[in-house]
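Visitor: Take a look at the following structure, please.
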Amino acid sequence: MKIALGQINPTIGDFTGNSKKIIESSRQALALGAEMVLFSELAVCGYPPRDLLEKPAFVERSQQMIQEIAQAVPGITVVCGFVSPAKVETGKSVMNSAAVLRAGAVQFVQSKMLLPTYDVFDEVRYFDPAKSQKLLTLGDKRFALTICEDAWNDKHFWHRRLYSVDPVDELLHAGGNMVINISASPFYLGKRELRRHMLETIARDNRVPVLFVNQVGGNDSLIFDGSSMVIAPDGRIVAQARSFAEDLILFDSETMQGDMHEQTAVGNASAYAALVLGTRDYVQKCGFRKVVIGLSGGIDSALTAAIAVDAFGKENVTGISMPSQYSSEHSIKDARELACKLGIRFEVVPIGAIFDQFRTSLAPLFAGTPEGVAEENIQSRIRGNILMAFSNKFGELVLTTGNKSEIGVGYCTLYGDMVGGLGVIADVPKTMVYSLSRYVNSLKPVIPQSTIDKPPSAELRPGQKDSDTLPPYDVLDNILEDYIEDYRTAEQIAAERGYEVRLVREVIRMIERSEYKRQQAAPGLKITPKAFGLGRRFPIAQKSEI
């Protein structure tokens with residue numbers, strides 16, 4: 001049997017557009033000789049639909065589109081994800097399901113059994129789980145049809161399993177001889193490798209082929225890498241789709257051969273490709289065509305601008321430099337050089353006079369107090385106002401430029417450098433910002449070397465450097481990773497890293513005190529295992545004793 005894997009980029013709620021992609025890919029697969037084509041989890045509505053699932057009309061539309069797809073491509077078997085009614089008296093009203101469409105009708109429906117509730121997932125909030133599963137039989141093939149998490153509970157791979165049942169194991173013991181897994185599996189660094197090793201274990205241990213088709217594209221903070229693949233019973237990858245792009249690949253179950261498309265390399269290449277895709281999809285799916293960025297001459301705004309150009313093209317990116325009396329000449333020069341190398345529109349709006357007027361107006365209120373953080377933040381908020389005014393006037397979405405290290409400890413200004421519609425590098429630690437910038441320059445030298453070499457500074461007071469307030473970024477990033485991703489205590493971090501406990505506790509104190517800022521920040525693209533935002537839910541008002 002020739003089977004196609006249709007790797008599409010759905011938009012949440014765009015039933016017409018998503019169905020068009022499914023129909024076009026199905027017809028293309030049929031023309032190439034495929035008898036079956038597979039699409040991702042909730043492909044009809046896009047993943048994750050979140051509270052849209054609570055609208056009855058949304059569920060009805062999902063069912064309607066499944067029928068329309070079936071009638072549009074009667075000559076090929078189509079497997080795709082959709083929302084189905086639960087048809088139960090108690091529990092949730094909908095299910096996360098896979099429909100098998102044949103000869104113009106829905107022939108088989110299998111619903112998801114394992115509903116994840118960790119990190120960014122909250123499926124128990126919405127879906128009723130399947131109580132049982134059945135094999136899909138087509139000719140001599142008996143498919144174990146599973147949906148994403150259903151395949152993530154293999155006892156041979158995980159040291160600690162999250163569920164008491166293993167749908168894949170049960171279906172294979174019932175006589176299944178091939179595994180299909182339709183997924184919406186989000187990307188983070190290391191996820192592709194983990195996913196591949198897990199699926200290879202299932203294939204080898206059970207001596208069956210595993211067909212995995214994944215969603216691709218960005219939906220809000222989440223980025224889906226695609227990277228769909230077919231794994232032979234001996235664990236070899238015999239077909240694979242591209243990463244971070246729509247694709248269609250074919251696989252022959254008799255010869256165990258298929259299309260092998262090149263995937264993006266691990267590390268910086270994957271991180272950068274994910275950020276470009278996530279930025280492009282967020283902006284365009286929100287209805288914008290152009291973006292504007294505040295260019296300080298620093299490395300964060302430089303990397304953000306490079307990502308934006310690769311996402312939208314230079315003609316759709318504007319950079320605005322907003323120097324004050326504290327801005328160094330080399331920073332202004334670096335911002336201009338960056339814009340020139342990227343080929344983007346570049347504007348200069350000095351803020352010195354505006355800042356002076358603020359200080360004059362506030363002088364009676366601030367009388368008798370030394371200048372400090374309040375005055376520094378005024379400069380940042382002036383810049384935020386200028387960017388938002390430009391955005392309102394010309395309809396260009398503001399991209400914020402704060403990195404994960406700064407956001408983690410609150411080294412950022414509410415309603416200042418935090419304003420905007422998307423935090424492009426909000427999940428990129430500062431040390432990775434440097435690494436990605438060097439990667440960008442290895443492809444095309446657009447970021448000035450002086451921007452990479454100079455000590456980072458907010459330039460809000462004379463001679464200011466980030467190191468005046470923060471530990472060295474390599475130290476800070478280690479502490480952030482240990483505390484945020486691994487939940488280690490200050491004592492554990494200090495002992496394992498060789499840092500002073502006092503330093504670690506101070507960083508943790510800054511993290512916890514800044515929660516109110518993070519919950520008012522623009523959504524940020526997720527590329528690490530634990531990002532701020534959807535997958536990390538902490539109270540703002542708390543007094544932690546651990």
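Any read-out appearing in this document is the output of simple, stated calculations on the displayed coordinates, not a laboratory observation. Owing to the predicted nature of the structure, the values given are computational and were not obtained by experimental measurement. A quick note on method: Cβ atoms are made from the backbone with ideal geometry, for glycine too, and the neighbour counts reach across all protein chains shown.
Visitor: For the stretch 430-469, place one equal point scatterer on every Cα, skip the solvent, and apply the Debye formula. What is log10 of I(q)/I(0) at q = 0.14, 0.34 Å⁻¹?
Guide: Log10 of I(q)/I(0), two decimals: -0.38, -1.13.
Visitor: Then there's this: Could you give each residue of the stretch 456-464 its phi-based ³J(HN,Hα) in whole Hz, using Karplus coefficients 6.51, -1.76, 1.60 with θ = phi - 60°, and x for Gly or Pro?
Guide: Each residue's phi maps through the Karplus curve to give x, 8, 7, 6, 10, 8, x, x, 5 Hz.
Visitor: Among Lys155/Lys517; Lys112/Lys191; Lys112/Lys155, which pairs are too far apart, with a Cα-Cα distance over 29 Å?
Guide: Working: Lys155/Lys517 41 Å; Lys112/Lys191 21 Å; Lys112/Lys155 19 Å.
Pairs exceeding the cut-off: Lys155/Lys517.
Visitor: Once R0 is set to 30 Å, what does the formula 1/(1 + (r/R0)^6) return for the Cβ-Cβ distance between Ile12 and Gln520, expressed as a FRET efficiency to the nearest 0.05? Mind showing how you got there, number by number?
Guide: Working: r = 24 Å, r/R0 = 0.78.
It comes out at approximately 0.80.
Visitor: Can I ask one more? What are the residues whose amide H is under 5 Å from the amide H of Leu189, where those residues sit 5 or more places off or on another chain and H is modelled from the backbone?
Guide: Result for Leu189 returns Thr528.
Visitor: Find the centroid of the Cα atoms in the stretch 58-89 and in the stretch 237-258, then give the distance between the two in whole Å.
Guide: Here the answer is 25 Å between Cα centres.
Visitor: Separate question: Suppose R0 equals 45 Å; then what is the FRET efficiency for Gln67 and Leu162 from their Cβ-Cβ distance, rounded to the nearest 0.05? Walk me through the intermediate numbers first.
Guide: Working: r = 35 Å, r/R0 = 0.77.
Rounded to the nearest 0.05, the efficiency is 0.80.
Visitor: Kindly write out, for the stretch 288-296 in residue order, the coupling ³J(HN,Hα) from the Karplus curve 6.51 cos²θ - 1.76 cosθ + 1.60 (θ = phi - 60°), rounded to whole Hz, with x marking Gly and Pro.
Guide: Values, residue by residue: 9, 10, 10, 9, 10, 9, x, 9, 8 Hz.
Visitor: Follow-up. Quick check on the chain: helices-only [θ] at 222 nm, where DSSP H runs of length 4 and up contribute -39,500 (n - 2.57) each and the sum goes over total residues. Nearest 500, please.
Guide: Details: 16 runs with 198 residues, N = 546.
Helix contribution divided over all residues of the chain: -11500 deg cm²/dmol.
Visitor: Using square roots of five times the C-alpha gyration tensor eigenvalues, list the equivalent-ellipsoid semi-axes of the stretch 157-315 in whole Å, biggest first. Walk me through the numbers on the way to the answer.
Guide: On the way: eigenvalues 262, 54, 36 Å².
Equivalent-ellipsoid dimensions as semi-axes: 36, 16, 13 Å.
Visitor: Further question: Using θ = phi - 60° and the Karplus relation 6.51 cos²θ - 1.76 cosθ + 1.60, list the HN-Hα couplings for the stretch 42-58 in order, rounded to whole Hz, with x at every Gly or Pro.
Guide: In residue order, the calculated couplings are 6, 4, 5, 10, x, 10, x, x, 6, 6, 4, 5, 7, 8, x, 5, 5 Hz.
Visitor: Stokes-Einstein at 4 °C, 1.567 mPa s, Kirkwood radius from Cα pairs: D for the stretch 429-546 in µm² s⁻¹?
Guide: Values: Rh = 16.4 Å.
Using the Kirkwood radius from Cα pairs, D works out to 79 µm²/s.
Visitor: Now for a different question. Using the 2.2 N^0.38 Å rule of thumb for compact globular proteins, work out how the stretch 2-257 stacks up: its C-alpha Rg over that value, please. It would help to have the intermediate numbers written out before the result.
Guide: On the way: Rg = 16.5 Å, N = 256, 2.2 N^0.38 = 18.1 Å.
Its radius of gyration relative to the 2.2 N^0.38 Å reference: 0.91.
Visitor: Further question: Please report, in whole Å³, the volume per residue of the convex hull around the C-alpha atoms of the stretch 471-513.
Guide: Working: hull volume 2.6 nm³, N = 43.
Convex hull volume per residue, Cα atoms: 60 Å³.
Visitor: Something else about it: Assuming R0 = 56 Å, what is the FRET efficiency of Glu506 and Leu138, from their Cβ-Cβ distance, to the nearest 0.05?
Guide: Details: r = 62 Å, r/R0 = 1.10.
Calculated transfer efficiency: 0.35.
Visitor: In addition: Near the amide H of Leu114, under 5 Å away, which other amide H atoms are found, from residues 5 or more places off or on another chain, if H is placed in the peptide plane?
Guide: Excluding prolines and chain starts, which carry no amide H, the hits are Asp150.
Visitor: For Leu422, enumerate residues with amide H under 5 Å from its amide H, sequence gap 5+ or separate chain, H modeled in the peptide plane.
Guide: Sorted by chain and number, the residues that satisfy this are Thr400.
Visitor: Run the simple label-point estimate for Glu485 and Glu35 please: 7 Å along Cα→C-beta, distance reported in nm.
Guide: Going by the 7 Å Cα→Cβ label model, 4.5 nm.
Visitor: Can you tell me the order of 357-370, 215-228 when each peptide is scored by its average per-residue count of other Cβ atoms within 10 angstrom, highest first?
Guide: Details: 357-370: 9.6, 215-228: 26.3.
Put in order of decreasing packing, that is 215-228, 357-370.
Visitor: In whole Å, largest first, what are the principal axis extents of the Cα atoms in the chain?
Guide: For the chain, the Cα extents along the three principal axes come out at 84, 51, 47 Å.
Visitor: For the residue pair Met260 and Leu443, what label-to-label distance in nm results when each label sits 7 Å from Cα along the Cα-to-beta-carbon direction?
Guide: It works out to 2.5 nm between the two label points.
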